[in-house]
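The values are calculated or read from the model by the stated rules, or taken from the named source; none is laboratory data. Fair warning: this is a prediction, and the values are worked out from it, not measured in the lab. Here the Cβ positions follow ideal geometry from the backbone for every residue, glycine too, while neighbour counts run over all protein chains shown. The accessibility values were calculated without ligands, DNA or RNA, using every heavy atom of the protein model including side chains. Shrake-Rupley method; radii C 1.70, N 1.55, O 1.52, S 1.80 Å.
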Amino acid sequence: MSSWITSNPIAYPALEVVHITGIALLVGNLVLVELRVWGLGRTLPLPALARLGLTVSLVGFGLAAASGLVMFASQAAELMANRAFVIKMGLLTLAGTNAGLFHARDGLTRLDTLARVQTALSLGLWVAVIICGRWIAYV
C-alpha cells in the first residue's frame with residue numbers, strides 16, 4: 001500500500017485533504033466549545049453544544065488520525081527522523097492527556113478557572129500541532 005501511495009500522483013494529496021478536513025472539524029468545533037466554557041455565547045446551552053461539538057471533533061480526529069497513519073506508513077523512516085514530526089506527536093500526546101484530564105474532572109460541568117486554563121492549553125496545543133504539521137515538509 002505504501003508504494004501505491006508514493007507512486008500514485010493523487011493519493012498523497014488526497015490523503016492530505018482528508019487530514020486537513022479532519023483537523024478543521026476537530027479544532028473548529030473545539031474552539032466553539034472552548035469559547036462557551038470561557039463564557040461567550042452564554043445563551044447557548046453548553047450540554048447540547050458540547051454534545052454536538054465534541055462528537056464532530058471526534059469524527060474530525062478520526063479522519064485526521066486515519067489519514068495520518070496512512071501517510072506515516074508511506075514514509076515512516078523519513079518521518080521518524082523529522083524533528084517537527086516527533087514534536088507534533090509529543091504535542092498530540094499532551095493534547096490528548098489534557099482532554100482526558102479535562103473530561104475526567106468533569107470540566108464541562110465545573111466551568112471553573114482550571115477548566116478555562118485547560119481549554120486555553122488545549123487550543124494552544126492544537127495550534128502548535130498544526131504548526132509542526134506544516135513544518136514537517138520544511139525541516
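Things worth noting here:
- Among the residues making up the range 66-105, those that are without any contact (Cβ under 8 Å) to a residue 60 or more places away in the chain, part of a loop (DSSP other than H, G, I, E, B) and open to solvent by less than 80 Å² (accessible area, probe 1.4 Å) are Asn82, Arg105.
- Close contacts from the range 1-14, counting a first residue that is within 13 Å of Ala76 (Cα to Cα) and a second that is not in a loop (DSSP other than H, G, I, E, B), with Cβ to Cβ under 6 Å and a gap of 6+ residues or different chains, come to Ser2/Ala73; Ser2/Ser74; Ile5/Ala11; Ile5/Tyr12; Ile5/Ser74; Thr6/Ser74.
- Any hit, the range 77-84, residues being more than 22 Å from Leu32 (Cβ to Cβ) and of a type in the set (D, E, K, R): yes
- For Leu32, the conditions (1) out of contact with any helix residue (DSSP H, G or I) (no Cβ under 6 Å at 6 or more places or on another chain); (2) free of Cβ contacts under 8 Å to residues at least 24 places away in the same chain are fulfilled apart from (1).
- Number of the condition not met by Ala24 [criteria: (1) touching a residue at least 40 places away in the same chain (Cβ under 8 Å); (2) over 18 Å from Thr119 (Cβ atoms); (3) surrounded by 13 or more Cβ atoms within 10 Å (Cβ to Cβ)]: (1)
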